[in-house]
Amino acid sequence: MRDFLISGLKEIGVEYTEKKVDNLLKYLELLLEYNSHTNLTAMRDEKLIVEKHFLDSLLLQNLIKSDMKKAIDVGTGAGFPGMVLAIFNENINFTLMDSIGKKTKFLQMVKDELGLENVGVVTSRAEDFIDDNKRESYDLGLCRGVSKLSTILEYIIPFLKEGGVFLSQKMEGTGEEAEASNALKVLNSEIVEIFNLNLPFSKDPRVVIEIEKKAPTDKKYPRRAGIPLKRPL
């Protein structure tokens, strides 16, 4: 599995160290064991997990700017992309958030087993977690989600500093950028670039939308739990 992982890292142009590879393989081992009794991912095949979770997460690696110090991954699930990126970016403090306790319990175990001092695990919804100390305090927002971009923006953008970046991951192009135009305007953000990428072995398409926050966000966002999903901006 080490050779497969390293081959994938080379294919997507991501620099690595033996320690980072060791940590990813240990992460894989923990995920497979935990997944045997608690469903975290539908995938059971090791190579599929490496490519479609680990390497998929690392498609963002070369888009992370060197001056970023603080990142938040909303709805991180089993840690994608946040935990993977935390392994590769020890200089950035990551907040990994999910509302489902069985997932954050797993993430805490991974953090402890790998000794990741740059990771904080939070069991919460974004709408409940945000406060005046956390608002507009992050350099980088992450979300590899199935929700519409207009909904995800309302969860992520309020956490970002002015000039902060949200790297939104999508399985493929869906035209959601046009639907999100009002949300972008309301939240004082704009799309900087759209990257059309491919996974290294399956060649499955992936889209990364780079969004920059241009000005502070009105404190009424995000709206209370459930509203962004029911009534997107």
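The values are calculated or read from the model by the stated rules, or taken from the named source; none is laboratory data. Every value quoted in this text rests on a predicted model; they were computed, and no experiment measured them. Here Cβ is always computed from backbone atoms with ideal geometry, including for glycine, and neighbour counts include all displayed protein chains. Ligands, DNA and RNA are excluded from the accessible area calculation, which covers all protein heavy atoms including side chains. Shrake-Rupley method; radii C 1.70, N 1.55, O 1.52, S 1.80 Å.
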Report task. Examine the stretch 6-15 for a residue that is within 22 Å of SER147 (Cα to Cα), touching a strand residue (DSSP E or B) at 6+ places or on another chain (Cβ under 9 Å) and touching a residue at least 60 places away in the same chain (Cβ under 8 Å), and state whether such a residue exists. Result -> no
Query raised in the report: Regarding PRO232, is this residue modelled with pLDDT under 95 and open to solvent by less than 70 Å² (accessible area, probe 1.4 Å)?
Result: yes
Report task. Quickly run through the stretch 104-121 and pick out the residues that are of a type in the set (A, V, I, L, M) and open to solvent by 30 Å² or more (accessible area, probe 1.4 Å). Result -> MET109, VAL121
Report task. Tell me, yes or no, whether the stretch 38-47 has at least one residue that is open to solvent by less than 20 Å² (accessible area, probe 1.4 Å), at pLDDT 95 or above and farther than 21 Å from PHE166 by Cα. Result -> no
Query raised in the report: Which of the residues belonging to the stretch 81-100 are assigned to a loop (DSSP other than H, G, I, E, B), closer than 21 Å to ILE152 by Cα and open to solvent by less than 10 Å² (accessible area, probe 1.4 Å)?
Result: PRO81
Query raised in the report: Any idea which of (1) surrounded by fewer than 22 Cβ atoms within 10 Å (Cβ to Cβ); (2) in contact with a helix residue (DSSP H, G or I) (Cβ under 8 Å, 6 or more places away or on another chain) is the one LYS70 doesn't satisfy?
Result: (2)
**Report entry** Output for the stretch 173-207, where each listed residue is at pLDDT 95 or above, open to solvent by less than 40 Å² (accessible area, probe 1.4 Å) and aliphatic (A, V, I, L, M)
**Finding:** ALA183, LEU184, LEU187, LEU199
Report task. Among the residues of the stretch 13-26, write down those that are within 22 Å of LEU197 (Cβ to Cβ) and either part of a helix (DSSP H, G or I) or open to solvent by 80 Å² or more (accessible area, probe 1.4 Å) (or both). Result -> GLU15, LYS20, VAL21, LEU24
Requested in this report: Scan LEU55, LEU30 and give me the residue that is farther than 20 Å from VAL121 by Cβ and in contact (Cβ under 8 Å) with a residue 12 or more places away in the chain.
Outcome: LEU55
Query raised in the report: Does ARG144 meet the test of being more than 18 Å from the chain's Cα centre (by Cα) and at pLDDT below 95?
Result: no
